[in-house]
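All remarks here apply to the structure that follows.
The values are calculated or read from the model by the stated rules, or taken from the named source; none is laboratory data. The model shown is predicted, which means the values in this text are computed figures rather than measured ones. Don't worry about glycine lacking a Cβ; one is built from the backbone with ideal geometry, like all the others, and counts go over all protein chains shown.
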């Protein structure tokens, strides 16, 4: 898809240049056919006007002006015909009489340009040269892209793909969990030979009350035997 987008624009530009070259060649062939046919009829200029084309490239500006004439003539069958032609002489104005030439049986290809018009030949030559260089440049760009730029792009892409892993690294293996086996249980309940009750050798004479002589009540007053208190007169200073 990327290659198609890159090459589509130069291809369209080259096609337009080729179409211009074809038009210029056909135009010159028709003029030569009209000049060499030997059929000449009087004609008249009906209208004269000019068109100006301005081209800009940054701060530089250029313009070109082209004259257009509208002619009228009568063909060999007596029909009145009109045609418009660009690039005529500036000395021909409305109402002037001109000589119209056209190929045998093709009055629709008539021209009022004189045979071997130098200005027409030079203009067509410059146009053909420019269009030829333009088409060659478009074709050269396509050849350069396919032979140089595209292989280099593919190599860079391959290096980038090789430097990056195509898949994420595998996770480390995990230790499988081992489930311990279940303890065996007797199908018919506990065994019958388990001991029940108190064994015969177990002591049974544990004390059940307070030992003999242990006081069982609270004292009724302070203990006796303490020395008497100080005399009532108090201590002498």
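Remarks
- Filtering the stretch 17-31 for residues that are surrounded by 10 or more Cβ atoms within 10 Å (Cβ to Cβ) and more than 55 Å from the chain's Cα centre (by Cα) leaves an empty set.
- In the stretch 74-105, the residues that are in a loop (DSSP other than H, G, I, E, B) and under 59 Å from the mean Cα position of the chain (by Cα): 87, 88, 89, 90, 91, 92, 93, 94, 102, 103, 104, 105
- Screening the candidates 55, 61, 44 for the property of being touching a residue at least 24 places away in the same chain (Cβ under 8 Å), in a strand (DSSP E or B) and either surrounded by 10 or more Cβ atoms within 10 Å (Cβ to Cβ) or within 55 Å of the chain's Cα centre (by Cα) (or both) yields one hit, 44.
- The single condition among (1) in contact (Cβ under 8 Å) with a residue 40 or more places away in the chain; (2) surrounded by 15 or more Cβ atoms within 10 Å (Cβ to Cβ) that residue 115 does not meet is (2).
- Failed criterion for residue 120 (all others in (1) touching a helix residue (DSSP H, G or I) at 6+ places or on another chain (Cβ under 9 Å); (2) assigned to a strand (DSSP E or B) hold): (2)
- Residues of the stretch 31-67 that turn out to be out of contact with any strand residue (DSSP E or B) (no Cβ under 7 Å at 6 or more places or on another chain) and either modelled with pLDDT under 90 or over 22 Å from residue 83 (Cβ atoms) (or both), as a count: 6
- Any chance residue 129 is exposed (fewer than 12 other Cβ atoms within 10 Å of the Cβ), at pLDDT 90 or above and either under 54 Å from the mean Cα position of the chain (by Cα) or assigned to a loop (DSSP other than H, G, I, E, B) (or both): yes
- Of the residues in the stretch 24-34, none is out of contact with any helix residue (DSSP H, G or I) (no Cβ under 7 Å at 6 or more places or on another chain) and in a loop (DSSP other than H, G, I, E, B).
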